[in-house]
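To start, the structure under review is shown below, and the notes come after it.
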Amino acid sequence: MKTFLKSTTALLIASSFASQAVSAEALKEIGPGEGEVSIVAWAGYIERGETDKGYDWVTEFEKSTGCKVTVKTAATSDEMVTLMNQGGFDLVTASGDASLRLIAGGKVAPINTALIKSWSTVDDRLKDAPWHTVDGVHYGTPYQWGPNVLMYNTKVFGDKVPDSWGVVFEEQNLPDGKTNKGRVQAFDGPIYIADGALYLKAKNPELGIKDPYELNEAQYTAVLELLKGQRSLVGRYWHDAMVQIDDFKNEGVVASSSWPFQVNLLEADKQPVKSVFPKEGATGWADTTMLHAEAAHPNCAYMWMEHSISPKVQGDLAAWFGSNPAVPAACKGNALLTDTGCAHNGFENFDKISFWKTPVAKCASQGECVPYHRWTSDYIAVMGGQ
């Protein structure tokens, strides 16, 4: 908790962090590799063929560069921030609710995009995205993006496909005649408050929610009440993708927010699972590979960032995770993703996704908003039944 509060407190000095951050030096040239690179990453993001031999974008990199890749899997953005604060890592695949905290805390370094030869191939919608760009300075290389989907059990729902997040937020009988109580899940992370806000934005427009990450006191209170009510429905707050997969297979969970990664693995296992993009829209993540300010292996790290945005890696990862590539060229000619893969993964839904970002006190939509340190402490209380 102390680490979380320390990182979020940095956002309260937003007027000065830009100048502090820009004072850091970006690498001027790439030298010989140091022999290794360590990465903090989401589950499924760095594959070397151990889970499925067809998905391996590490082995060839290691052979061609001499940089051995080690990975520390993190389950939440808060865990990523904690690990980067502790140090000892070179790179992190940070989502938007972590990236600005890392920049504000001085934990990541500016990126010299001139040293990344394939930078020009990055999706124009991501190149200067506000979650990794401050005053025109880039702090990372876009990696992948996608929505938090509503995953559901097709046997339970039959031909009545759920079209609203209400199925996980409000008590109701499901198409199989049984209540949803104890059979739904919610994400174990403060950023999930935004999912509740997105739902209420559509359901209760009188609240005036414009941005699910920018909530005034009245809006925030309404969302907390929704989540407190949801507590009695939730059998488990999930953060481990593999545990959620097991819960859908063996523990009777039938509906939850999820990542396409879990959906893909369950479908591949012939489980009765599908996902939808609900009518209220969806939150989502656009992840950036960021360099630790004190990286011990910066040359290998730059080599990895270049490798990570090659069309082959981008397409293979998008096929594996069910995400969308940061490089549009990956949408064509990839055997694993196929030429219809990007459309299937929602490549054209970019503008419909409310991408994760860190809530701050001084917000654009209404001046004063509830900052992230409140989200952290209050969501812990919600999960604890308080």
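Determine, yes or no, whether LEU317 is part of a loop (DSSP other than H, G, I, E, B), within 19 Å of ALA43 (Cβ to Cβ) and not acidic (Asp, Glu).
no
Run down GLY146, GLY158 and say which single residue is in contact with a strand residue (DSSP E or B) (Cβ under 7 Å, 6 or more places away or on another chain) and either over 14 Å from SER256 (Cα atoms) or at pLDDT below 95 (or both).
GLY146
For segment 88-141, give me each residue that is crowded, with 17+ Cβ neighbours inside 10 Å, modelled with pLDDT under 95, of a type in the set (D, E, K, R) and farther than 20 Å from ASN324 by Cα.
If the condition is that a residue be crowded, with 17+ Cβ neighbours inside 10 Å, modelled with pLDDT under 95, of a type in the set (D, E, K, R) and farther than 20 Å from ASN324 by Cα, then ARG101 is the only one that fits.
Report yes if some residue within segment 248-271 is modelled with pLDDT under 95, of a type outside the set (S, T, N, Q), assigned to a strand (DSSP E or B) and surrounded by fewer than 21 Cβ atoms within 10 Å (Cβ to Cβ); otherwise report no.
Checking segment 248-271: not a single residue is modelled with pLDDT under 95, of a type outside the set (S, T, N, Q), assigned to a strand (DSSP E or B) and surrounded by fewer than 21 Cβ atoms within 10 Å (Cβ to Cβ).
Looking only at segment 73-89, which residues are in contact with a helix residue (DSSP H, G or I) (Cβ under 7 Å, 6 or more places away or on another chain) and either charged (D, E, K, R) or over 21 Å from VAL243 (Cβ atoms) (or both)?
Listed by number, the residues that qualify are ASP78, VAL81, MET84, ASN85, PHE89.
Among the residues of segment 172-185, count how many are in contact with an Asp or Glu (Cβ under 8 Å, 6 or more places away or on another chain) and buried (at least 19 other Cβ atoms within 10 Å of the Cβ).
So the answer is 2.
A quick yes/no check of all residues on (1) in contact (Cβ under 8 Å) with a residue 40 or more places away in the chain; (2) among the aliphatic types (A, V, I, L, M); (3) within 13 Å of ASN148 (Cα to Cα); (4) in contact with a His (Cβ under 9 Å, 6 or more places away or on another chain):
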| position | (1), (2), (3), (4) |
| --- | --- |
| GLY235 | yes, no, no, no |
| ASP247 | yes, no, no, no |
| VAL254 | yes, yes, no, no |
| PHE261 | yes, no, yes, no |
| ALA268 | no, yes, no, no |
| SER275 | yes, no, yes, no |
| TRP285 | yes, no, yes, no |
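Inspect segment 346-354 for any residue being modelled with pLDDT of 95 or more, of a type in the set (A, V, I, L, M, F, W, C), on the phi < 0 side of the Ramachandran plot and in a loop (DSSP other than H, G, I, E, B) and give the result as yes or no.
Checking segment 346-354: not a single residue is modelled with pLDDT of 95 or more, of a type in the set (A, V, I, L, M, F, W, C), on the phi < 0 side of the Ramachandran plot and in a loop (DSSP other than H, G, I, E, B).
Of everything in segment 229-247 that's crowded, with 17+ Cβ neighbours inside 10 Å and part of a helix (DSSP H, G or I), which residue is nearest to the chain's Cα centre (by Cα)?
It comes out as ALA241.
Consider segment 45-72. How many of its residues are under 21 Å from GLY88 (Cα atoms) and open to solvent by 60 Å² or more (accessible area, probe 1.4 Å)?
4
The values are calculated or read from the model by the stated rules, or taken from the named source; none is laboratory data. Note that this is a predicted model, so its numbers are computed, not measured. All Cβ positions, even for glycine, are placed from backbone atoms using ideal geometry, and neighbour counts span all protein chains on display. Just so you know, the surface numbers come from the protein's heavy atoms only, side chains and all, with ligands and any DNA or RNA stripped out. Shrake-Rupley method; radii C 1.70, N 1.55, O 1.52, S 1.80 Å.
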